[in-house]
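Asker: Questions regarding the structure given below will be posed in turn.
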Amino acid sequence: MGAEGDSDGAERGTAVCDAAAAEAVGAERLRRFLREMQGIRRFEERAAREYAAGRISGFCHLYIGQEAAAVGALGATEVHDHVITAYRDHGHALLRGCAPRAVMAELMGRVTGSSRGRGGSMHLFAADHRFHGGHGIVGGHIPLAAGMAFASKYRGLPEVTLCFFGEGALNQGAFYESMNLASLWDLPVVFLCENNRYAMGTALERASAISDLHRKADAFGMHGEVVDGMDVCAMFVATHAALARARVESRPTLFEVRCYRYRGHSMSDPAKYRSREEVEEQKLADPIARATETLLTHGWATAEEAEAWDAEASDAAADAAEFAQGSPEPRLEDAGDHVYAAPLGWRPDEATWPHDPATRARG
C-alpha cells in the first residue's frame with residue numbers, strides 16, 4: 001500500500017493511513033486496532049521500566065514502533081488460524097489471547113506467567129489460542145510454520161499459519177528450505193518478514209546482497225510483496241488477501257513488512273549503529289499517531305476517546321506489573337514440570353544440585 005492519505009491529516013503535519021486501506025478497514029475495526037496498538041506500546045514501556053528496575057532479567061526484546069505489523073496482520077486472521085513468531089513476541093502474544101498479567105508475569109519468571117515462568121520474554125505461548133511461540137533461535141521456527149501448514153492441509157482443515165520473523169533470519173538456510181517446501185507442496189502459510197532494517201545491529205545493506213527482500217519469493221514461484229508495516233490498515237488489507245490466497249488456492253505468500261523499532265535490538269543494546277536523528281525521523285510515521293490521525297480525520301473517533309483508551313492501556317500495564325510482582329516464583333522442586341507434555345519427574349538431589357549450600361555442607 002502507498003503512503004497517500006487524506007489531506008486534512010497531512011495539512012496538520014501528521015501522517016495518516018493509506019486512504020483506500022482505511023476505508024476497507026472501517027471505523028469500528030480501526031478503533032479496535034488503535035486500542036490494541038496503544039495496549040502493546042504501554043505494556044512494552046512498562047516492561048522497559050521493570051527491566052531497568054531489575055525485576056525482569058535475561059533477554060528482553062521490545063516491540064515499540066512495530067505495533068502495526070502484528071495488529072494489522074492478526075486482525076485479519078480467524079480464531080482457528082495458527083501464529084508463530086520469533087523472540088520479539090510480546091505484542092503477538094497479547095493479541096493472540098495472552099492476558100497482560102500473564103505476559104508480564106512470564107517476563108518476571110513467575111508461575112502465573114503464560115509459560116509458568118519457564119520461558120521468559122522470548123518464549124511466550126498460548127496453545128489454546130493457537131499461538132505457538134516465541135522462539136529464541138533465529139529462523140528456527142520457520143520450518144515449524146511450514147510443518148503446521150502441512151498438518152492443516154493434510155487434515156483438510158481451513159486453517160492458515162502466519163509466521164513472523166525478522167530480516168536477520170533470511171540468511172539462514174532453514175528459511176530457504178521452508179520456502180521451497182511451502183511452494184512445492186502448496187502449503188497455506190503466510191511468511192511475514194518484519195524488516196526493521198538492523199537485525200541485531202547490522203544495517204540490512206551490509207548483510208544482504210539484495211535489499212528488496214520480497215524478491216526472494218520469485219525463486220520459489222510464490223507471491224512476494226512489500227507492505228508498509230507502519231500502517232495498520234495497509235497491513236490488514238494485504239494480510240486479508242494473503243489469507244484468502246492460502247484458503248482458496250492453498251498457496252503461500254512472503255511479505256516484506258517494512259517497519260522500524262525505536263529501541264535497541266534488546267534492552268542491553270545501546271543502538272549506536274544509528275543516529276538519534278534517524279530514529280526521530282522514523283517516528284514521524286509512528287503507527288499509533290497515523291491510526292489516531294486517520295480516525296480523527298474521518299470523524300470515526302474523538303481526541304478525548306483516543307486519550308481515554310491510552311490511559312486505560314497505561315492502567316492495564318501498571319496492573320500487570322503489580323500482579324507479576326506479587327506472584328510467586330517457580331519452586332526448584334517443580335523444575336521438571338511444564339517443560340514437556342508429560343512431566344519429567346525430575347527432582348533435585350545432592351548429585352544434581354551441587355551448588356545448594358546444604359549439599360556442600362554435607363559433602
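The values are calculated or read from the model by the stated rules, or taken from the named source; none is laboratory data. Keep in mind the model is a prediction, meaning the values are calculated, not measured. Note that each Cβ is placed from the backbone with ideal geometry, even for glycine, and that neighbours are counted across all protein chains shown. We work out accessible area using only protein heavy atoms, side chains counted, and drop any ligands, DNA or RNA first. Shrake-Rupley method; radii C 1.70, N 1.55, O 1.52, S 1.80 Å.
Asker: Tell me which residues, restricted to segment 190-229, are of a type in the set (V, I, T) and modelled with pLDDT under 95.
Answerer: T202, I210
Asker: Also: If you take the residues in segment 243-267 that are in a helix (DSSP H, G or I) and among the basic types (K, R), which one is farthest from G168 (Cα to Cα)?
Answerer: R247
Asker: When the residues of segment 75-127 are filtered to those that are closer than 17 Å to R35 by Cβ and surrounded by fewer than 22 Cβ atoms within 10 Å (Cβ to Cβ), which remaining residue is farthest from the chain's Cα centre (by Cα)?
Answerer: Ranking the candidates gives A99 first.
Asker: Can you find, within segment 129-162, the residue that is nearest to G91 (Cα to Cα) among those that are open to solvent by 70 Å² or more (accessible area, probe 1.4 Å) and free of Cβ contacts under 8 Å to residues at least 24 places away in the same chain?
Answerer: Ranking the qualifying residues of segment 129-162, first place goes to I137.
Asker: Out of everything in segment 256-266 that is crowded, with 20+ Cβ neighbours inside 10 Å and not basic (K, R), what residue ends up being farthest from F59 (Cα to Cα)?
Answerer: Step by step, filter segment 256-266, then rank; the result is E256.
Table: residues versus (1) open to solvent by 50 Å² or more (accessible area, probe 1.4 Å); (2) touching a residue at least 12 places away in the same chain (Cβ under 8 Å); (3) among the basic types (K, R).
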position	(1), (2), (3)
A203	no, yes, no
R215	yes, no, yes
M230	no, yes, no
A244	no, no, no
V279	no, yes, no
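Asker: Can you tell me which residue in segment 330-350 is modelled with the lowest pLDDT, limited to those that are among the acidic types (D, E) and loosely packed, with under 11 Cβ neighbours inside 10 Å?
Answerer: In this case the residue turns out to be D349.
Asker: Can you report the number of residues in segment 74-118 which are more than 21 Å from G54 (Cα to Cα), out of contact with any helix residue (DSSP H, G or I) (no Cβ under 6 Å at 6 or more places or on another chain) and among the small types (G, A, S)?
Answerer: The total comes to 2.
Asker: How many residues does segment 315-329 hold that are open to solvent by 50 Å² or more (accessible area, probe 1.4 Å) and in contact (Cβ under 8 Å) with a residue 12 or more places away in the chain?
Answerer: 5
Asker: Based on what the data block shows, is G224 within 17 Å of the chain's Cα centre (by Cα) and buried (at least 17 other Cβ atoms within 10 Å of the Cβ)?
Answerer: Criteria not met by G224.
Asker: Just to check your reading of the model, which residue among H214, H240 is touching a Leu at 6+ places or on another chain (Cβ under 7 Å) and assigned to a helix (DSSP H, G or I)?
Answerer: Unique residue meeting the criteria: H214.
Asker: If I go through segment 6-58 residue by residue, how many of them are outside any helix (DSSP H, G or I), at pLDDT 95 or above and farther than 23 Å from A73 by Cα?
Answerer: Going through segment 6-58 one residue at a time, the tally reaches 4.
Asker: Within segment 32-53, is even one residue open to solvent by 50 Å² or more (accessible area, probe 1.4 Å), in contact (Cβ under 8 Å) with a residue 60 or more places away in the chain and hydroxyl-bearing (S, T, Y)?
Answerer: Looking through segment 32-53, at least one residue is open to solvent by 50 Å² or more (accessible area, probe 1.4 Å), in contact (Cβ under 8 Å) with a residue 60 or more places away in the chain and hydroxyl-bearing (S, T, Y).
Asker: If only one of T253, T297 is within 17 Å of F33 (Cα to Cα) and either open to solvent by 20 Å² or more (accessible area, probe 1.4 Å) or not aromatic (F, W, Y) (or both), which one is it?
Answerer: The conditions single out T297.
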